[in-house]
Each structure stands twice: as structure tokens, then as C-alpha cells.
Amino acid sequence: MTPPIYHRVALIGLGLIASSMAHAMKQGGLAAEIVGYAKTEETRRIALEIGICDRVCATAAEAVQGADLVVLAVPVGAMAGIAAEIGPHLMQGACVTDVGSVKQAVIDAVSPHIPAGVAFVPAHPLAGTEHSGPRSGFATLFRNRWCLLTPTETSTPEATARLRALWEAMGSNVDEMDAPHHDLVLAVVSHTPHLIAYTMVGVADHLRRVSNSEVIKYSASGFRDFTRIAASDPTMWRDVFLTNKEATLDILGRFTEELFMLQRAIRMGDGEQLHAYFTRTRAIRRSIIEAGQDTAAPDFGRVAPVAAVKAGE
Ligand code: NAP
């Protein structure tokens, strides 16, 4: 077995992303020791019970001591407070990284607290589920998924290369880009689609003419795919929209213009325009499958739930 990439990894926040990293690091022997900290006693207790950490600490300051990698895996809005607390306790030569879904706001919040002699290499794994908490993690979450690094002036080439090696060893493909570009790309591929899903589920909830039971009963017609996204963690997503405000509003503006254009085509009975538009969007789905980012199986390879099969639906 190859030697561990890091001697001691401190995970600050022990939810879906941190626990998945812990499983992957343990499976691959990538860290000699994993130390954890989360806000509540309950999460720290679970982390020990399920074995994702070798030790847990009662404070973040204590957890980062002697760690050569510190991973900030808390909601984006909590990063500044944590960084201020751990700053004076970081080991010389250590690397601090984060997994936040927004990059420029995290860089602005964390960088002022990084002392000289410590590298800060922001990262964002493009992998997740609608579940949260320490029990939701699994070792293969990052496999064949992208992890984007957005190095800053406090990232040394050595620290960036070592972090890249960790993400690659956990199964990710790694790319580097600057933070503003990351935030714009993510507004298109993740943040705005989440907002649209939240809105669509909200609309259905308000639509009293269609009873709740009908919305649920016929949800496989497409609505349920929105509900999976709209079931994502409310704290995480509140912070994403508060901190990636400009890029999200930019993309939302473009979305609204397209929506009005399609609305007009429907009103005018312009079938040609609708058909041309849907032909273009279908091609995008094909390119996602060709890039290995989803399955070509019908309905995402989903097996019909037993209850529905029994009912002959
Ligand atoms: P999660 O499952 O909800 O877990 C969040 C963790 O952060 C919990 O352990 C929580 O502790 C801890 N925490 C919250 N506030 C804290 C504070 N002030 N001090 C210390 N610990 C605190 O979250 P997650 O999905 O892993 O997300 C973590 C980060 O990854 C976020 O920045 C998110 O943007 C990013 N991310 C998420 C996804 C995704 O799909 N979920 C994908 C990529 C990146 P308690 O349990 O004790 O409250």
C-alpha cells in the first residue's frame, strides 16, 4: 500500500461531504489519522460511533492542532467564524482547504485568517445527494465526479499538487479555475437549477386546485425529480444564494428571458420555434451522457418502486 498523503487530517464539520471524504480516505489509506469537530455533541458522538474519525475534539481550535490538512466542511455562512477560531492554532506548513459550493465568498471570508506559512487551497467537489449529516456519507461519492480547485495567492504549488493528489485518490477528476469563473459556472449548472426546482415545488404546493394527493400520486411524470433537488439542505442552499448573489441573479435574468420567449411561442402557437428549442436541449443531455456524467438508461436507470408495480402503475 502507498504511504498516506497526509499525516493528520482535521475535518471541521462532519456532514455528507466530510463523512464521505473520511470513508474514502480510510478506504484508500490516504490519511494516517482523521480528527473531527462538529458543532453539536450529538454529531461528534455519531462520528466516533460509525468510525469516520479516530478522535473528535470539543473545539475546532483543538481539532486543527498538528494537522497537515484542515478541511472546512461547514455551510458557507459558517466559514468565517471557524477560520477566525482556528487561525492562531494552525501548524506551520499546514494546508487549509474547504469544500464550499461558492468560492469567492469563502476566499474573502477565510483568507484574512490564514497566517504566514500556511497555504489555503479552496476546493469544491461537484458531488452530493439530498441527504445530510454524518450518517449520509459513503466512500464512492466522489468517484468519476469533478473536483474544482480555485487556488489563491496563499496557495503554494506544492500544497495545490498534494490536495489534487488527495482528490484524485478519492476518485475525482480535478480541474483548476479562478473563483469568479467557478461561481458563474456553478450558477448555471447547479445554483439556478436548484432555485427553479424549489420554485416549481413551491408552485405545486400553492396550487390548491390540484389536490396534494394528486400531486404526489402522479409525481413520476417529472415533478418528483424536482422534489429530490428541492429536498436539499435548507441551510446550505440559503448560504449558496446569499453568497453567490451576482452570478445567480445574472443567470436567473437570462432564464427569465428564455422563459418569456417560450411563453410567447406557446401563446402564438409557434410549434417550429418550440421544436427547434427542444431539439437543441436534447443534444445537451446526450453530451452529458457522452461525458460519463450520467447514465443513458431510461429514467436514470431507476427501477419502479415495488408498491407502484404491485398497483399496476
Ligand atoms: P451537512 O451534511 O449539512 O453537514 C454540515 C456539517 O457542518 C455538520 O456536521 C454540522 O454540525 C457542521 N456545522 C454547521 N455549522 C457549524 C459551525 N458553525 N461550526 C461547526 N460545525 C458546523 O453539510 P454538507 O452537505 O456536508 O455540506 C458541507 C459543505 O459542503 C457546505 O459548504 C456545502 O456548500 C458544501 N457542499 C455540499 C454538497 C452537497 O450536495 N451536500 C456538495 C458539494 C459541496 P452539526 O451536525 O453538529 O450541526
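The values are calculated or read from the model by the stated rules, or taken from the named source; none is laboratory data. These numbers come from a predicted model, not from an experiment. Virtual Cβ from ideal backbone geometry, glycine too; neighbours counted across all protein chains shown.
Kindly establish whether R228 is in contact (Cβ under 8 Å) with a residue 60 or more places away in the chain, charged (D, E, K, R), assigned by TED's automatic domain parsing to the domain that holds G202 and out of contact with any His (no Cβ under 6 Å at 6 or more places or on another chain). Judged against the criteria, R228 is a match. Can you say whether S132 is in contact with a Gly (Cβ under 9 Å, 6 or more places away or on another chain), assigned by TED's automatic domain parsing to the domain that holds A94 and either within 20 Å of S232 (Cα to Cα) or crowded, with 20+ Cβ neighbours inside 10 Å (or both), as far as the supplied structure shows? Judged against the criteria, S132 is a match.
A197 falls short on exactly one of the conditions (1) farther than 27 Å from R238 by Cβ; (2) not in a loop (DSSP other than H, G, I, E, B), and that condition is (1). Reported count of residues in the range 111-129, each being near the ligand (Cβ under 8 Å from one of its atoms) and assigned to a loop (DSSP other than H, G, I, E, B), is 4.
If you take the residues of the range 265-312 that are within 30 Å of N144 (Cβ to Cβ) and among the acidic types (D, E), which of them is modelled with the highest pLDDT? The qualifying residue modelled with the highest pLDDT is E290.
The residues of the range 201-222 that are modelled with pLDDT of 85 or more and surrounded by 16 or more Cβ atoms within 10 Å (Cβ to Cβ) amount to a single one, V201. When we screen M79, M25, M21 for residues that are buried (at least 17 other Cβ atoms within 10 Å of the Cβ), assigned by TED's automatic domain parsing to the domain that holds L141 and more than 27 Å from T243 (Cα to Cα), the only hit is M25. Across the range 28-49, what is the total count of residues that are surrounded by fewer than 24 Cβ atoms within 10 Å (Cβ to Cβ) and within 11 Å of the ligand (Cβ to nearest atom)? The qualifying residues number 8. Candidates are the residues of the range 92-110 that are part of a loop (DSSP other than H, G, I, E, B), more than 23 Å from E246 (Cβ to Cβ) and in contact with a strand residue (DSSP E or B) (Cβ under 9 Å, 6 or more places away or on another chain); the one that is farthest from the ligand (Cβ to nearest atom) is G93. In the set (1) surrounded by 14 or more Cβ atoms within 10 Å (Cβ to Cβ); (2) of a type in the set (G, A, S); (3) under 26 Å from D183 (Cβ atoms), G292 fails one condition alone, (1). Considering only residues in the range 130-146 that are under 20 Å from V76 (Cα atoms), part of a loop (DSSP other than H, G, I, E, B) and of a type in the set (G, A, S), the one that is farthest from the ligand (Cβ to nearest atom) turns out to be G137. Counting only residues that are surrounded by fewer than 21 Cβ atoms within 10 Å (Cβ to Cβ) and in a helix (DSSP H, G or I), the range 161-190 holds 14 of them.
Screening G81 on (1) touching a strand residue (DSSP E or B) at 6+ places or on another chain (Cβ under 9 Å); (2) within 13 Å of the ligand (Cβ to nearest atom) shows it passes everything except condition (1). From the list E41, E85, E49, the lone residue that is at pLDDT 95 or above and touching a His at 6+ places or on another chain (Cβ under 9 Å) is E85. Looking only at residues of the range 50-76 that are farther than 17 Å from L30 by Cβ and in contact (Cβ under 8 Å) with a residue 60 or more places away in the chain, we find that the one that is surrounded by the most Cβ atoms within 10 Å (Cβ to Cβ) is L72. Does the range 163-171 contain at least one residue that is on the phi < 0 side of the Ramachandran plot, free of Cβ contacts under 8 Å to residues at least 12 places away in the same chain and not assigned by TED's automatic domain parsing to the domain that holds V99? There is no residue in the range 163-171 that is on the phi < 0 side of the Ramachandran plot, free of Cβ contacts under 8 Å to residues at least 12 places away in the same chain and not assigned by TED's automatic domain parsing to the domain that holds V99.
Can you name the residue in the range 230-266 that is outside any helix (DSSP H, G or I) and within 11 Å of the ligand (Cβ to nearest atom) and is also surrounded by the most Cβ atoms within 10 Å (Cβ to Cβ) among such residues? Ranking the qualifying residues of the range 230-266, first place goes to N244.
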